[in-house]
Amino acid sequence: MVLSRLPALYLTLAAALALPAAAGATYGWPLKPFDQQHAVRSFFDNPRAEGVGATSFHFGIDISAPDGTPVYAVANGVARLQPDAVALVADAGDRTFSYWHVNPTIPDLAHVAIGDEIATIKQGFGHVHFTEIHGGRYVNPLRPGGIAPYVDSTSPTVVSLFAAVGTHKVALDSLHGTVDLLVDTYDTPPPPLPAPPWNLTRVAPALIRWRLVPEGATSAHWRTAIDFRSFLAPKEKFSSVYAPWTTLNEPGRPARLVYYLAQRWDSSRPPDGRYRLQVAVFDSQGNSARAGLWVTIANSR
């Protein structure tokens, strides 16, 4: 497999993949200082556990801070107290911001202004789970047009590309029948990094695309495997996004994030022959990585 920086072709692709129009206006951080970037230890649409194993998408971001740290309103609005959370219903823009794993410091239905303290981080959590809802849908706070300032100049990492039937890997030099095409890839939070033991955390890329280029050809149609740039993925899609090799971040142990490029892909659709399987992986700020390897489709053997 080849890993390298993007040539001009991929830079053009990155420019073409500009994020959809942002939902609502930019807002500051919910921690002081409001105009300074803070450590984020879990991204939007990361795999999360409900019971045994990973089964759901993370519907916000986890901003690291010591227990007891005050959290603040990022908009003018009305606070609604909920179990383990404070929801801030903004006065304008049909937006709600929620702060989870906190102890409220204001009463229910309190009117607050930007920068007012509304809660403190609960003991034992070491972060505030922060969400944004626009028009009834969870949106990615780290998208351009969301939380600011947010600067990320680090690129995702592609670990490997492979094929499988169920949980059994299959040889790439003789693909036949119905197979899964997969990529082991991850992003890392930009500085400042979360404090140990979460400094090794790995997070979900925002966009993964792939294509099969026939030997001798120079181009082929790109297909989208995942798109976490704007909206929360439907929970029922979890098992078609994250493959069984996926593990969660644990203290001192980074996650392994494995995504389906194509699940139950019919290899008989393209003609038999040799192809370049290529993948392009992007974060929410457009930083990117790519990888490619040769595969042979052999259904007539």
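The values are calculated or read from the model by the stated rules, or taken from the named source; none is laboratory data. This one's a predicted model, so the numbers in the text were calculated from it and none came from an experiment. Ideal geometry is used to build each Cβ from the backbone, glycine not excepted, and the neighbour counts take in all protein chains shown.
Between Arg269, Arg211, which is among the basic types (Lys, Arg), surrounded by fewer than 17 Cβ atoms within 10 Å (Cβ to Cβ) and either touching a strand residue (DSSP E or B) at 6+ places or on another chain (Cβ under 7 Å) or in a loop (DSSP other than H, G, I, E, B) (or both)?
After ruling out the rest, the residue left standing is Arg269.
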> Within region 164-196, how many residues are buried (at least 20 other Cβ atoms within 10 Å of the Cβ) and hydrophobic (A, V, I, L, M, F, W, C)?
Replying inline: 5
> Looking at this structure, is Thr157 in contact with a Phe, Trp or Tyr (Cβ under 8 Å, 6 or more places away or on another chain) and surrounded by fewer than 18 Cβ atoms within 10 Å (Cβ to Cβ)?
Replying inline: yes
>> Exactly one condition in (1) crowded, with 20+ Cβ neighbours inside 10 Å; (2) within 29 Å of Ser239 (Cα to Cα); (3) modelled with pLDDT of 95 or more is false for Ala85; which is it?
In response: (1)
>> It is to be established whether one or more residues within region 216-225 are among the charged types (D, E, K, R) and either in contact (Cβ under 8 Å) with a residue 60 or more places away in the chain or closer than 22 Å to Arg48 by Cα (or both).
In response: no
> For region 274-294, does any single residue satisfy the condition of being assigned to a loop (DSSP other than H, G, I, E, B), over 25 Å from Asp227 (Cα atoms) and not basic (Lys, Arg)?
Replying inline: no
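Looking at region 189-212, can you tell me whether even one residue there is among the basic types (Lys, Arg) and over 20 Å from Thr154 (Cα atoms)?
Taking every residue of region 189-212 in turn, at least one turns out to be among the basic types (Lys, Arg) and over 20 Å from Thr154 (Cα atoms).
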> If you check every pair at least six apart or on different chains, which have Cβ atoms under 7 Å apart with a residue in region 102-115 that is touching a residue at least 60 places away in the same chain (Cβ under 8 Å) first and a residue that is assigned to a loop (DSSP other than H, G, I, E, B) and of a type in the set (A, V, I, L, M) second?
Replying inline: Ile114/Ala73; Ile114/Val74; Ile114/Ala75; Gly115/Ala73
>> Suppose we keep only residues that are among the basic types (Lys, Arg) and more than 19 Å from Ser64 (Cβ to Cβ) within region 104-148. Which one would you say is nearest to the chain's Cα centre (by Cα)?
In response: Arg143
>> So if I check each of Asp227, Asp184, which one is farther than 30 Å from Leu31 by Cβ and among the acidic types (Asp, Glu)?
In response: Asp184
> Within region 193-200, is even one residue over 28 Å from Thr178 (Cα atoms), assigned by TED's automatic domain parsing to the domain that holds Ala163 and outside any loop (DSSP other than H, G, I, E, B)?
Replying inline: no
>> I need the full set of residues from region 119-149 which are closer than 20 Å to Leu31 by Cβ and basic (Lys, Arg), in order please.
In response: Lys122, Arg143
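Taking the stated definitions as given, is Val151 at pLDDT 95 or above, in a loop (DSSP other than H, G, I, E, B) and under 20 Å from the mean Cα position of the chain (by Cα)?
yes
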